[in-house]
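Down below is the structure, laid out as structure tokens.
The values are calculated or read from the model by the stated rules, or taken from the named source; none is laboratory data. None of the values given here were measured: they were computed from a predicted structure. For neighbour counting, all protein chains shown are included, and Cβ atoms are generated from backbone atoms with ideal geometry for every residue, glycine included. Calculation scope for accessible area: heavy atoms of the full protein, side chains included, ligands and nucleic acids excluded. Shrake-Rupley method; radii C 1.70, N 1.55, O 1.52, S 1.80 Å.
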Amino acid sequence: MENECITVTIDRIAFCNEESGYYVLKTSARQYPHGVTVVGNFGYIQPGEEIRVYGTWACHPTFGTQFQAMKFTLMKPATLKGIEKYLGSGMIKGIGPATARKLVETFGLETLEIIENHPDKLAECPGIGPGKADRIASGLFLQRSVQDIMIFLQGHGISPAYATRIFKKYDRDAVRKVSENPYILAHEVPGMGFKKADEIAAEFGITGNDARRIRAGILYVLGSITKDGHLFLYEDELLKLAGEVLRLSIPGDIEDILKFMIIEKKIVVREFRQKKLYYLPASFRAEEGSAAMVKKLLSCEKNVLRQQVMAALDKAFSSHGMQLSEVQQLAVETSLKKGLLVITGGPGTGKTTTLKAVVAAHKTMGNRVLLASPTGRAAKRLSEVSGFAAFTIHRLLEYSPQEKGFKRNRQQPLDCDTLIVDEASMVDMNLFYSLIQAVPENAALILVGDADQLPSVGPGLVLGDLIRSDIVPVVTLNSIFRQAETSNIVKNAHLINSGQMPQLTVPDGKNHSDCYFVAAEEPDKLISLLKNVVSKSLPPKFNLDPVNDIQVLTPMNRGKLGAASLNLVLQELLNPPAETKNEIEHLDRVFRVGDKVIQLRNNYDLEVFNGDIGTIAEIMPEDQEAVIEFPQGRVVFQASDFIDMALAYAVTVHKSQGSEYPAVVMVVSTQHFIMLQRNLLYTGLTRARKAMIFLGSRKAVAMAVNNNRIKMRNTIFADLLKQL
């Protein structure tokens, strides 16, 4: 069939895959009164725009006749209806449907010309002052700039989801920078990856053993290993992985470039036990520097008399009514004498009481105490249990987007005598290095955490390595307190941790527990039961709010029983669309007022970080903005910021680390067999405070309990500490 050319106006986007950039467009055209369905890969397009499409007609077995686009040209909307739809689609901040209608009624076919070239005239439109006129003009400029970038990038298959991100990174230099070195996309634009950058580079003639390509491949490999928790690669690992990524069978080319990169200090190599370890400079500095700073803290012994310690303990006990075990008293006493201390233990062993006692004792001694946790939810909980203000680590260290680093460091340390960090198992090596550098001279660092939980999402095994080094003072709380003995959540956590099956109580109306098991094998049956548990059976039994008090956990993000799919089910169930709820669309996803959402990447500009969970409090369609309520306060999001946002009715167990919820419903299916591990099951269970429901199959629970093969991470932090 010969290629044809048709000119259509986009009425609506029926479907968009944000990863591939594949669109299904419902369009209208003068010569096609019933409309045309156009499918293909497009750039950053919006309803109301007019496009000239080149392609062929085809008949889809389900959806009928479609026009399959091979390429397209973007044209300006030429009709009043088209201009109104284009401006009112929400892609320009400051313009929603109502404002778009007013603009077109005022300026007619000259509306776009006025906005682009004579924005001062916009004030002639009712309801638009000078400030809003400037926002509209700059919004259209931004949109056109993004479109120019996408018209350039679309031929290279780059997803429209990254258009705004690339524009934010490089501004108007985007096309020039990408043309000069496509590989910047692989390591400077999160999510792009080496493969896509390599495809683009090939179109510019950069292929095979080109030095630029090999450099980029090596940097990509060393950058990507942090996702698996590694800080370095052994030489054979690096050559193997780089060879696979670059599709080069001769390692000599890679070895030659490696030598130059070491000389240029783009890569650091360390000799360790007759092997070569290859790091990115930042990873090397974090591991090496953290070891040196730990040594410094360990040398800082406090001259505190025994009488002072006992007086501080007595005063803390009498004022707070606390009764401590001998091990807890040891933890408090050690914290007053040592420059670095780790306090660890499982659920019900008194970590919270010990932490409160430590804070009280240090305050009694006149020490300035700061409290921090890795996430907003954990910081809020720490503040509640301690009675003092607590911060996220990022907020405590005062990250500066302009300087791309923390303001609090060795030159400007924190104002404290004691720094206490809760949920320390979540702290990765890079964050630990930033944190430990900000600890003042002669101050004490106290880390509190459960080493049996999942390790940090980022690289390293900081808490575990500190404990395994045998040179850092560690107090292990291992006795379950009487008030926790009646909790099946606590009992089952310790059973799982010791490799035994948990006691799974089946809800029958007779046996009462705080930890239940609901059996379901088939995904559809499981989802049906999940909806019933979350919305009907669990809330009245424990007096819970289905959205705010119940958290659904799952081992994986993808699949029918993954977080992404379950969120769509739960959003429809718990927060269905309504005329009173404004919505904001980001590609093929819908967010509405009342939705529970989670941040997926650190956003230092907004001070919202990976894993932070909030609720959409308000959506302003005209400005394409949303106000999201986080534990640390309200934050205003632009529509483009939603690229790093997801619904949070269901989250992965990894994303739940550092948080505690009144009730947890954890989906455990054999479909998740790749992820079923003992520490994952243990971590999910210990997120629950009042109630825990395992929903799935006993076989899957048993698979997780019996799988204690913890994936090794490339880190020698414990060894470096032993050498101190």
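Taking the criterion of being in contact (Cβ under 8 Å) with a residue 40 or more places away in the chain and assigned to a strand (DSSP E or B), the residues of the stretch 40-50 that qualify are 41, 50.
From the list 566, 600, the lone residue that is over 16 Å from the mean Cα position of the chain (by Cα) and either within 16 Å of residue 655 (Cβ to Cβ) or small (Gly, Ala, Ser) (or both) is 566. Only one of the numbered conditions (1) within 29 Å of residue 556 (Cα to Cα); (2) among the hydroxyl-bearing types (Ser, Thr, Tyr); (3) in contact (Cβ under 8 Å) with a residue 60 or more places away in the chain; (4) surrounded by fewer than 21 Cβ atoms within 10 Å (Cβ to Cβ) is violated by residue 498, and that is (3). Hey, any hits in the stretch 286-309 for a residue that's assigned to a strand (DSSP E or B), under 30 Å from residue 268 (Cβ atoms) and among the hydrophobic types (A, V, I, L, M, F, W, C)? No, the stretch 286-309 has no match at all. Within the stretch 601-617, the residues that satisfy the criterion of being under 24 Å from residue 169 (Cβ atoms), crowded, with 18+ Cβ neighbours inside 10 Å and not charged (D, E, K, R) are 603, 606, 608, 609, 611. Scanning the stretch 610-663 for residues that are on the phi > 0 side of the Ramachandran plot and outside any loop (DSSP other than H, G, I, E, B) yields a single hit, 633.
Whenever a residue of the stretch 413-429 is within 19 Å of residue 347 (Cβ to Cβ), its partners that are among the charged types (D, E, K, R), lying with C-beta atoms within less than 6 angstrom and at least six residues away or across chains, give the pairs 425/450. Tell me, yes or no, whether the stretch 67-75 has at least one residue that is over 21 Å from residue 623 (Cα atoms), open to solvent by 20 Å² or more (accessible area, probe 1.4 Å) and of a type in the set (D, E, K, R). Yes, some residue in the stretch 67-75 is over 21 Å from residue 623 (Cα atoms), open to solvent by 20 Å² or more (accessible area, probe 1.4 Å) and of a type in the set (D, E, K, R). Picking from residues in the stretch 15-39 that are open to solvent by 50 Å² or more (accessible area, probe 1.4 Å) and part of a strand (DSSP E or B), the one that is modelled with the lowest pLDDT is 17. Taking the stated definitions as given, is residue 378 touching an Asp or Glu at 6+ places or on another chain (Cβ under 8 Å), part of a strand (DSSP E or B) and not charged (D, E, K, R)? In short, no.
Scanning the stretch 503-531 for residues that are open to solvent by 40 Å² or more (accessible area, probe 1.4 Å), modelled with pLDDT of 90 or more and touching a helix residue (DSSP H, G or I) at 6+ places or on another chain (Cβ under 9 Å) turns up 519, 531. Residues in the stretch 362-418 that are basic (Lys, Arg) and open to solvent by 60 Å² or more (accessible area, probe 1.4 Å): 363, 368, 377, 380, 395, 404, 407, 410. Is it the case that some residue within the stretch 627-649 is touching a helix residue (DSSP H, G or I) at 6+ places or on another chain (Cβ under 7 Å), at pLDDT 85 or above and surrounded by 24 or more Cβ atoms within 10 Å (Cβ to Cβ)? Yes - at least one qualifying residue is present in the stretch 627-649. So, residue 504, is that one within 24 Å of residue 701 (Cβ to Cβ) and either basic (Lys, Arg) or free of Cβ contacts under 8 Å to residues at least 12 places away in the same chain (or both) or not? So residue 504 does not fit the description; no.
Across the stretch 82-97, a minimum of one residue is classified as of a type in the set (D, E, K, R) and touching a helix residue (DSSP H, G or I) at 6+ places or on another chain (Cβ under 6 Å).
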